[in-house]
Structure formats: C-alpha cells, structure tokens
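The values are calculated or read from the model by the stated rules, or taken from the named source; none is laboratory data. The model shown is predicted, which means the values in this text are computed figures rather than measured ones. Please note: Cβ atoms are built from the backbone with ideal geometry, for glycine as well, and neighbour counts cover all protein chains shown. Accessible surface areas use protein heavy atoms only, side chains included; no ligands, DNA or RNA. Shrake-Rupley method; radii C 1.70, N 1.55, O 1.52, S 1.80 Å.
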Amino acid sequence: MAPRRTVAVIGGSGVGGILGDEPRQHRLATPWGAPSGPIEEGRLGELRVLFLSRHGPGHTIPPHRVNYRANVDALRELGAEAIVTVSSVGSLREELAPGSFVLPSQFVDLTRQRPTTFFDGGKVYHVSMADPFCGELSAAAAEAGRRAGAPFAEGRTYVCVEGPRFSTRAESAYFRGFADVIGMTLVPEVTLARERGICYVCLAMVTDYDVWAEKPVDASEIVATMTKNVARMRRVLAGLLPSLAREPGCSCARALDQAGI
Ligand SMILES: [Zn+2]
C-alpha cells in the first residue's frame, strides 16, 4: 500500500485553528446531508490535513444532533484515510483527574436515537467492532503523548451516552461498573469510520469528574479545564499527525472485506 496522504482531525471544543489563520475551506453535501460545517484543509509537509469542528462553527450543534454520517462521509470524500478526534470526557475513576489525557481502547454504546450505520438497506454488512480503534494510530498517539510530556492513560473504556444532559447519581455509579470515562460523541463516529475503512483514534481529555465523585459538574469549570489542555493537545497533534504519513500497517481499510452478507 502507498503511504497515507490525507489525515482528518475532528475537534470537539477548543482545538480549532490548528491549520493556521486562513486555511482552504470545503463546503460539501453528502447523501446524508451537510456536515457540521466547512472542512478546512492545510498541509504538514507531505501530508494533507483536514479539520472539521464536530459541533459546528460557534459550537451550536449538540452531541445528539451532530450529523455523524455526513461528517464521516464528507471527510472520506475529501480523501481522509485516518481520523484523529479530540473529545472531552468525564471521569469515572479517581486516578483520571481533570486534565488527564485518555486513549480509549473499547466503548459501550448507550446512545438511543442516532443513525448508526451507512448500510440501512440493500446490501447488508455487519462490521467487526471487537477492536474499535485503529491499533496503529493508538500506538502512534501514545508515543506522541509521551514525547509531548502529556502521556495518555491507555486501554480504557468509554461509555457513550445520548446526552445532552449529564448523568444521574445512579447512572454514574452504574457506569463505573464497566467504564472509565463518559462522553456523548464517540458513537456512531467510530463505527461509521470503520464502515468507510478509515483508521480512527479518539484522544480524550478529562474535563471533570462525573457526578459519582460528588463534585458537581459545572459547564464553566469544564471550559476552564479545556482551555488549559488545548495547548498540550496541540503539541500532541503536532507530533502525531506527521507520523501518520506512512504505509498503513493495519487492516482498517479492509473492514468490509468479510463483513458483507
Ligand atoms: Zn488503521
């Protein structure tokens, strides 16, 4: 296979502007509607880098209203072979304090009302999700974190909830039985990327303890932690993205080979 030439970043809150002041912008439609906003394009050496703000310009689209299919499809249309996402999460573990960086390796999907597949009829596909994240991207991200002095807690489980509300105390206690961090945006982004044969990794930043810790969640506190983390996350991305311009050693691009009925 040829080296990767195009890599996309989907940013949650806070990491816009990684491609400089006036990047080229793509506005496109997909069979699933419009993506969250214009897709920016820039360059890092030989690598084309695309950037999409998940919640749209001005952060106006809540997690349950993001058009995940349009976002992933538009990035694929523009040539994305890998997607790196930056997402804020709540912590379900004492040791994952606000400010921690986490690399999930598994997820539990508790979303309720989102279209979760590109294959809604016609040919039927069941893609494998045993290992939902690209192993190669995960290893590269872990290395980039260490080099940037912002090591990731690896091998954690992300529970994805519908939102946009936060958890009840009972829910939070329940989630602690099987997950380490909680968020609202991973699914179905990760599954759609797999269906399109795109490598995918989630760089999660802990912004707060979920309600189990009896430290009430406050949206302004989350924004303050995000702001502090953005500079560190930019350093991680600056190390990670160029390292992806190599021949893929993973099987993500062949996800559909054995999945069709
Ligand atoms: Zn991969």
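Once amide H atoms are placed 1.01 Å from N in the peptide plane, what residues at a sequence separation of 5 or more from Ala8, or on another chain, have their amide H within under 5 Å of its amide H?
Amide H neighbours of Ala8: Leu50, Glu81, Ala82, Ile83, Val84.
Within segment 183-252, list the GluC sites (Glu not before Pro) lying in a DSSP loop whose Cβ has at most 16 other Cβ atoms in a 10 Å radius.
Answer by residue number: Glu214.
Check each of the trypsin sites (Lys or Arg not before Pro) in segment 115-204 and keep only those in coil by DSSP with at most 15 other C-beta atoms within 10 angstrom; list them in order.
Counting only loop positions with at most 15 other Cβ atoms within 10 Å, the trypsin sites (Lys or Arg not before Pro) in segment 115-204 are Lys123, Arg165.
Evaluate E = 1/(1 + (r/R0)^6) for Tyr174 and Glu95, where r is the Cβ-Cβ distance and R0 equals 22 Å; express this FRET efficiency to the nearest 0.05.
0.65
For the pair Val108 and Arg254, what calculated FRET efficiency results from E = 1/(1 + (r/R0)^6), where r is the Cβ-Cβ distance and R0 = 22 Å, to the nearest 0.05?
0.30
Using a probe radius of 1.4 Å on heavy atoms only, what accessible surface per residue do you get for the chain? Whole Å² is fine.
With the other protein chains kept in place, the chain gives 44 Å² per residue.
How much of the accessible area of the chain, probe 1.4 Å, is carbon plus sulfur, in whole percent?
Taking all protein chains in place, the chain shows 51 percent carbon and sulfur surface.
Rounded to the nearest 5, what % of the DSSP beta bridges within segment 6-254 are antiparallel ones?
Rounded to the nearest five, the antiparallel share is 30 percent.
Within segment 239-253, list the residues whose amide N lies under 18 Å from a label point set 7 Å along Cα→Cβ of Arg43.
So the set is 241-246.
Within the chain, which whole H helices from DSSP have a Cα span along their axis of at least 15 Å and a mean Kyte-Doolittle hydropathy of 0.0 or more, if any?
219-243
Taking every Cα atom in segment 6-254, find the radius of gyration and the maximum pairwise distance Dmax, and write them in Å.
Values for segment 6-254 (Cα only, Rg and Dmax): 16.9, 50 Å.
Convert each backbone phi in segment 95-109 into a coupling constant with the Karplus relation 6.51 cos²θ - 1.76 cosθ + 1.60 (shift: θ = phi - 60°), then list the ³J(HN,Hα) values in order as whole Hz, x for Gly and Pro.
6, 9, 6, x, x, 5, 9, 10, 10, x, 10, 9, 9, 10, 9
Run the helix sum for the chain: -39,500 (n - 2.57) per DSSP H stretch of 4+ residues, divided by residue count, reported at 222 nm to the nearest 500 deg cm²/dmol.
-8000 deg cm²/dmol
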